[in-house]
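Peer 1: If you scroll down you'll find the structure; I have some questions about it.
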Amino acid sequence: MLWAAVAVVALGFLVALEVAARHYGLPGPVTTQVREVIFPPKSGFLLYASMALMMVVLTWRQRMAALGTAIGIDLVILLARWTLDIKVTDGHPFGNGALLVMLGCAVIAVTRRTGRERTLLLKGVGLGLLLVAGRKTGDAWLLITSKTRPAVLDQYPAIADHALGNPSWLVGRIVRATGPVGAHVLDYVYVQLAVAAVVVALYQLRHVAAERRFPAHHLVRTFLVIGLLGPGIYMIFPVVGPVFAYGADGGQWAVANLWPETAPPVGVPHPMPFDEITPRNCMPSLHTAWATTIFVHSRRGPLTLRFAGTFWLVATLGATLGFGYHYGVDLVAGVVFALTIEAALRSQARGWERSGVLLVAYGTTVFVTLLVSYRYLPLEMAERPWVFGPLLILAMASVILGFVRTVRLWEPKTPLAPHPEPQPELV
């Protein structure tokens, strides 16, 4: 019943976003997803990663059959486009096969499976399609933010960022100094964040096929909830980012062309009008939130996975700041946002123990306090950086410490090996 309720809510949410996008004359998430059955998908890598998630419920023989079928379909479509001289100018020339295989598995589950096997296969298909749908709904959300929020609040986090030493300006100059190689590496990490999440999730779900059930909590749950709730904050605190508000990418709408050479001057901030194209997707930084959850969930894996999770977090932070997509205060809010949601989902899986409720309440309080401070105290933060800078870091660190301590309490204790009592010996 829970999975059915989730499916109904997800479908209703997709339909609502579809209607909202159509209101502005653009295709919504449902339309764009249906188009990718035949037309070149926006991300073929994401579709194959989603199919890999679905395949955790299959046997190895079924996985090989599914992968071979997907590749075969893509080759046929590629040959057809070559024969008809159809050029792929937008998106990837592959990925349709993965989507068709997932849809085919859904049909097989309904028509050829019964009982627990049907439920398990449908859960696998739903998991893969939810990841794809999350990307499409995110695109629709970004469109809605740009159309419904004509004024942005960039001057507020830009002024508040003086308390942290304007890290976006500093890292932006460092990334430019590394040249095209550093920029290409960071760009790949930034764009393929969902694929990295799938790699960690595949490790967590590696026993599903054998145990015929999903674990109570895994990375994909947190990843999807962050993507669902985050855009709602965008609507409350619309921000476009320094590269647009203070850089050349903002064109005539920018305050001035200052990023990343010159930090913005300290003054009284106010809302400023902006175009109806650029997404208001900065506060909080969801890329930071997602990278944080990848890091957290990779801690229980082997050394290679832990190293990859650390690299992805560090590189994502470098990309968000170095490309001018976010202010430093966005990242602080993103970390708190991610750990609060992670704590809430872990608490829900455990039955809402007192320690989990307190952690979620504390994380929520800190997150709201951060947003209120950015909005109503930015000038005070900029004028007293030696006070507010450490306070921001301490607030984030307190949530991190609380999360680590609480999660350690939840982990099962390894019983100590019994020590035999010394026995008296005859002399």
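Peer 1: Any idea of the accessible area per residue across segment 84-145, 1.4 Å probe, to the nearest Å²?
Peer 2: On a per-residue basis, 49 Å².
Peer 1: Calculate the spin-label point distance for Val372 paired with Leu391, positioning each point 7 Å from the Cα along the beta-carbon direction, and give it in nanometres.
Peer 2: 1.2
Peer 1: Okay, next question. For Val88 and Gln252, what is the calculated FRET efficiency with R₀ set at 35 Å and r taken between the beta-carbons, to the nearest 0.05?
Peer 2: 0.55
Peer 1: Stokes-Einstein at 10 °C, 1.306 mPa s, Kirkwood radius from Cα pairs: D for segment 273-404 in µm² s⁻¹? Show your work: numbers first, answer last.
Peer 2: On the way: Rh = 15.9 Å.
The calculation lands on 100 µm²/s.
Peer 1: Take the solvent-accessible surface of the protein heavy atoms, probe 1.4 Å, and return the percent of it on segment 216-332 that carbon and sulfur atoms account for. Write out the running numbers ahead of the final one.
Peer 2: Values: 3060 of 4440 Å².
That fraction is 69 percent.
Peer 1: Report, in deg cm²/dmol and to the nearest 500, the calculated mean residue ellipticity at 222 nm for the chain, where each DSSP H run with n ≥ 4 adds -39500 (n - 2.57) and the sum is divided by the residue count. Numbers along the way, then the final one.
Peer 2: Details: 18 runs with 295 residues, N = 427.
Helices in the chain give a 222 nm mean residue ellipticity of -23000 deg cm²/dmol.
Peer 1: Just subtract the alpha-carbon distance of Arg212 and Thr148 from 0.36 nm times their residue separation and send over the number in nm, one decimal.
Peer 2: Taking 0.36 nm per residue and subtracting the Cα distance, the gain is 18.5 nm.
Peer 1: On a full-extension model of 0.36 nm per residue, what is the gain between Val34 and Gln348, subtracting their alpha-carbon distance, rounded to one decimal in nm? Intermediate values should be presented prior to the final figure.
Peer 2: Details: separation 314, 0.36 × 314 = 113.04 nm, distance 3.35 nm.
Working it through step by step, the gained length comes to 109.7 nm.
Peer 1: Please report the carbon-and-sulfur percent of the accessible area for segment 8-157; probe 1.4 Å, protein heavy atoms only, DNA, RNA and ligands left out.
Peer 2: Roughly 70 percent of what the probe reaches on segment 8-157 is carbon or sulfur.
Peer 1: Here's another thing I want to ask about it. Just to make sure I understand: if all protein chains stay in place, what is the order of Val101, Val110 by accessible area at 1.4 Å, largest first? Kindly include the intermediate steps, with their values, before the conclusion.
Peer 2: On the way: Val101 15, Val110 85 Å².
So the residues, ranked largest to smallest area, are Val110, Val101.
Peer 1: Taking a ≥ b ≥ c as the square roots of the eigenvalues of the Cα gyration tensor of segment 22-76, is the shape rounded (a/c under 1.5), prolate (a/b larger than b/c) or oblate?
Peer 2: Here segment 22-76 falls in the prolate category.
Peer 1: Any idea of the accessible area per residue across segment 294-381, 1.4 Å probe, to the nearest Å²?
Peer 2: Accessible area per residue, segment 294-381: 41 Å².
Peer 1: How big is segment 1-132 by Rg and Dmax over its Cα atoms, in Å?
Peer 2: Rg, Dmax (Cα atoms, Å): 15.9, 48.
Peer 1: Which of these, Thr137, Thr89, Thr69, has the largest mean-square fluctuation under a Gaussian network model of the chain (Cα springs below 10 Å)?
Peer 2: Fluctuation is largest for Thr89.
Peer 1: Also: Considering only protein heavy atoms, what per residue accessible area in square angstrom results for segment 149-200 with a 1.4 angstrom probe?
Peer 2: Solvent-accessible surface per residue comes out at 41 Å².
Peer 1: What aspartates and glutamates could a cross-link reach from Lys87, if we take a straight Cα to Cα line under 16 Å and drop same-chain neighbours fewer than 8 places away?
Peer 2: Glu36, Asp74
Peer 1: While we're on this one: Would the chain count as rounded, prolate or oblate if I go by the C-alpha gyration tensor, calling it rounded below 1.5 in a/c and otherwise prolate when a/b exceeds b/c, oblate otherwise?
Peer 2: Here the chain falls in the oblate category.
Peer 1: Quick one, could you list the DSSP H helices from the chain stretching 27 Å or more along their long axis (Cα atoms) with average Kyte-Doolittle hydropathy of 0.5 or above?
Peer 2: Membrane-span-like by this criterion, though nothing is claimed about a membrane: 2-23, 60-83, 303-322, 328-350, 354-376, 385-410.
Peer 1: Kindly provide the pair-distance distribution of segment 202-269 built from C-alpha pairs, with 5 Å bins from 0 and whole-percent values in order of increasing distance.
Peer 2: 3, 14, 13, 12, 10, 9, 9, 8, 7, 7, 5, 3, 0
The values are calculated or read from the model by the stated rules, or taken from the named source; none is laboratory data. Just so you know, these numbers come straight off a predicted model, no measurement behind them. Note that each Cβ is placed from the backbone with ideal geometry, even for glycine, and that neighbours are counted across all protein chains shown. SASA here: full protein model, heavy atoms, side chains in, ligands and nucleic acids out. Shrake-Rupley method; radii C 1.70, N 1.55, O 1.52, S 1.80 Å.
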